[in-house]
1. Identify, from the list P81, P85, the residue that is at pLDDT 85 or above, more than 32 Å from the chain's Cα centre (by Cα) and under 18 Å from Q6 (Cβ atoms).
2. Residues to consider are G120, G102, G49; find the one that is small (G, A, S), on the phi > 0 side of the Ramachandran plot, at pLDDT 85 or above and surrounded by 17 or more Cβ atoms within 10 Å (Cβ to Cβ).
3. For residues that are at pLDDT 95 or above and closer than 21 Å to T210 by Cβ, scanning just the range 233-246, find the one that is farthest from the chain's Cα centre (by Cα).
4. Within the range 247-267, identify whether any single residue is crowded, with 17+ Cβ neighbours inside 10 Å, on the phi < 0 side of the Ramachandran plot and free of Cβ contacts under 8 Å to residues at least 40 places away in the same chain, and answer yes or no.
5. For the range 286-296, which residues satisfy the criterion of being under 30 Å from the mean Cα position of the chain (by Cα) and part of a helix (DSSP H, G or I)?
6. Scan G273, G265, G325 and give me the residue that is at pLDDT below 95 and either under 28 Å from the mean Cα position of the chain (by Cα) or among the hydroxyl-bearing types (S, T, Y) (or both).
7. Looking for something touching a helix residue (DSSP H, G or I) at 6+ places or on another chain (Cβ under 7 Å) and surrounded by fewer than 16 Cβ atoms within 10 Å (Cβ to Cβ) - is there at least one such residue anywhere in the range 203-221?
8. Under 8 Å between Cβ atoms, at least 6 apart or on separate chains: pull out the pairs that start in the range 73-94 with a residue that is over 16 Å from S54 (Cα atoms) and end on any residue that is loosely packed, with under 12 Cβ neighbours inside 10 Å and at pLDDT 80 or above.
Amino acid sequence: MNRFEQVKQILDDSVGGAAFPAHGAFWRGQTRDQFVDHVEFGQRLLIVGNGEESNLVKALRGNAPFGSDVGTPGAFFRRMPAGRPPIPEDQINVIREWIDDGCPATDENESTLTVDADAGGPMDSELHNAFWRDFDNWALFQASPEVRAAVNTFFRSATTWMEFARDPSGESAWQSAINNPEFTDAVRLLATRQMATVSEHYGNPVPLLTLLDSFERFGDDSLPDDPLRPEDQRHNMNGPIMWFFWCAFTDACLRLQIANDYWSGHARALLLGMMNDGLFRERFPVAGFTADDSGKRAMRDHVRNLAADNLQGEMRRRFADTPFG
């Protein structure tokens, strides 16, 4: 049982157990994002990163605006769980600490994702469509306020990576941006969501050859339309420069040592997708390869054989070769 599940278990136990049909047991069946965004009686229950000021903790302790009886000074709502014994303080602290730690969806050991460099291969389009659909949904179309805030925080500093890609003397400014706690928290949150989406669709360890197939087909726009999202164009970056924002994000993950084995594999897939976009959709130049089947094979071999220490430099070099650089 991970910490998120433990939080829900504490709440369930407080109302008599999961089998008890408690009125207002909002947590049942909710995802982590739904839980974080939940509003009850017009009150947002959680402030991610601040358990003491979160209404959920206040409700469980009976602190204002909650109290034993509505009408006591500062009390507008009853202490929770209403009509049941209070939750012991040590269990409330489990919830508070989970909120303080950013309300992780999984435990640290569960979010460790690895890559099998020799496993996998081309897969059915439906599998890839499902992955890109889920990724697009949580990161864009159905993004929670927390995710939107993290994305905005990342974009405010990501151009520093581009300056570094143009001029190696800019590395210290990029590293300084990464070391900013707000930026670090944003990257960690988004990295955790990205890894969870990958592992859900491709497993753990991730078969690298399947991930390469997914990103290659995303890049050259050869995946079919997704019938589940006919109102939106699928599998198409908002703009070609988005590949390089993604390169900056991957570089940050590697520098922060977030599951380096996975993000090294991700960097290979990202490079392959980006180069296919440039060659076959002609949205930016990609030197050294031809836009044909032999070029596709050569690019796959290239990204698979790059030394791990060269991946970040390769992303910067590819950016510098484009008009954006």
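The values are calculated or read from the model by the stated rules, or taken from the named source; none is laboratory data. Treat the numbers as computed from the prediction; the structure is a model and nothing was measured. Here the Cβ positions follow ideal geometry from the backbone for every residue, glycine too, while neighbour counts run over all protein chains shown.
1. P81
2. G120
3. Looking at the filtered set, the residue picked out is W243.
4. no
5. K296
6. From the options G273, G265, G325, the qualifying one is G325.
7. No, the range 203-221 has no match at all.
8. none
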